[in-house]
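Since the structure comes first, as structure tokens, the remarks are kept for the end.
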Amino acid sequence: MVDPLNPWPLFSGPHVPRVTRRAALGLVLGAPVLSACTGAQQSLNQFSNSFGSQPQAAPSGPPQQPMTAGNGQVKVGLILPLSAAGNAGVAAQSMKNAAEMALAEFQNPNIQLLIKDDAGTGQGAAQGAQQALDEGAEIVLGPLFAASVPATAQVTRARNIPVIAFSTDSSIAGRGVYLLSFLPESDVNRIVEYASSIGKRSFAALLPDNAYGNVVEAAFKQAVGKRGARVAVFERYGADRATPARTVVQALGQADALLLADDGDSVVATADALSAAGANLRNIQLLGTGLWDNPRVYASASLQGGLFAAPDPSGFRAFSGRYRTRFGSEPVRTATLAYDSVALVAALARTQGGPRFSSEVLTNPSGFAGIDGLFRFRSDGTNERGLAVMRVGSGSSVPVAGSPKSFGA
């Protein structure tokens, strides 16, 4: 089994070295996977601002000077909002630490990170990308904010250089721009798939009337239809939850599963609105997304027994322990994205030769394994992740279905 401190990609296919089925399984099983105890998607939404406008606050300090990490021959750009104000700057520093930690834990990586501060702006991201390419970067990691990714892509596409960005806004993925993040679509697909596997055939949903809700709605309706199930009732809510809650409650007798997709505080308020409208939520299987990974959810009597999709709860704890030992502080949740992206490019640089960052290699259908579990990039730039299914208990969650050991076709 591989060293759990050094997650390796899982390779197979015509463009990459073949491994035996047993060896491949060992690569997956040996790679650490993340904890479901720290609000993965909630933290990602908070820091990468994927479904909102980009922060307009002034940077907390002057832009940091470019720096490098590692001394390998393969140069890799890393763009982060290091001098941005508030949580963005905190997240960026933690991600930078994690990237350097990946270099230290990967055996003799042949890469050099060209670290650029974009100050949390699209202009800064474009400038950082241009500097990295001028210095010989073969691939760019970052930026963090959704609004900064198109500015970066405009620079990199002109030079046919791929980008692995950290935003969760799938609308910005595309040619040469891949997202290494937790996308709501993966959560919805996994939880509907699991619910169908345990006999749920009729689904209800009550979702927020915002950009996140739009993404979840599209994925939900597609996932339900793909499994030959039906949508019994579907409603959206804004400031008023009471009216749509009453509509959903009137049709709950026709459904055997109810999807509530929102962050911790909001999903508890939605469950309370349903209860106030007369719903007995213990008579229906509640379903959620990774945003349910929140202490407020675990403390809610209404949500006990609910199921949600999230990464398997083991690797982030190990990662956090190593991070604390090295840096004396707690990592932000997005730090694993930086770690896994650096570990990925280091492994590709070692094994793939000239076309190491080509679309054929990056979109290998077998995928890769890292701290956050199994993942693969799709040709449209989005990703698919191997997620577990968690059950809400008092004060925590427990896995009821593990993450997959390999991807299907």
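The residues listed here are Ser329, Ser358, Ser366, Ser302; of these, the one that is more than 30 Å from Ala205 (Cβ to Cβ), surrounded by 17 or more Cβ atoms within 10 Å (Cβ to Cβ) and polar (S, T, N, Q) is Ser366. A single member of Ala273, Ala299 is more than 15 Å from Ser397 (Cβ to Cβ) and among the aliphatic types (A, V, I, L, M), and it is Ala273. Under 6 Å between Cβ atoms, at least 6 apart or on separate chains: pull out the pairs that start in the stretch 232-246 with a residue that is farther than 19 Å from Val216 by Cβ and modelled with pLDDT of 95 or more and end on any residue that is in a helix (DSSP H, G or I) and not basic (Lys, Arg). Within 6 Å, the pairs are Ala242/Ala273. Residue selection: Gly353 satisfies the criterion of being modelled with pLDDT under 95, more than 26 Å from Ser171 (Cβ to Cβ), out of contact with any Ser or Thr (no Cβ under 7 Å at 6 or more places or on another chain) and not basic (Lys, Arg). A count restricted to the stretch 377-400 and to residues that are among the aliphatic types (A, V, I, L, M) and open to solvent by 20 Å² or more (accessible area, probe 1.4 Å) stands at 2.
The values are calculated or read from the model by the stated rules, or taken from the named source; none is laboratory data. Predicted model, so just to flag it, every value in this text is computed and none were measured. Using ideal geometry, Cβ is built from the backbone for each residue, glycine included, and neighbour counts are taken over all protein chains shown. To get the accessible areas, we keep the full protein, side chains included, count just its heavy atoms, and leave off ligands, DNA and RNA. Shrake-Rupley method; radii C 1.70, N 1.55, O 1.52, S 1.80 Å.
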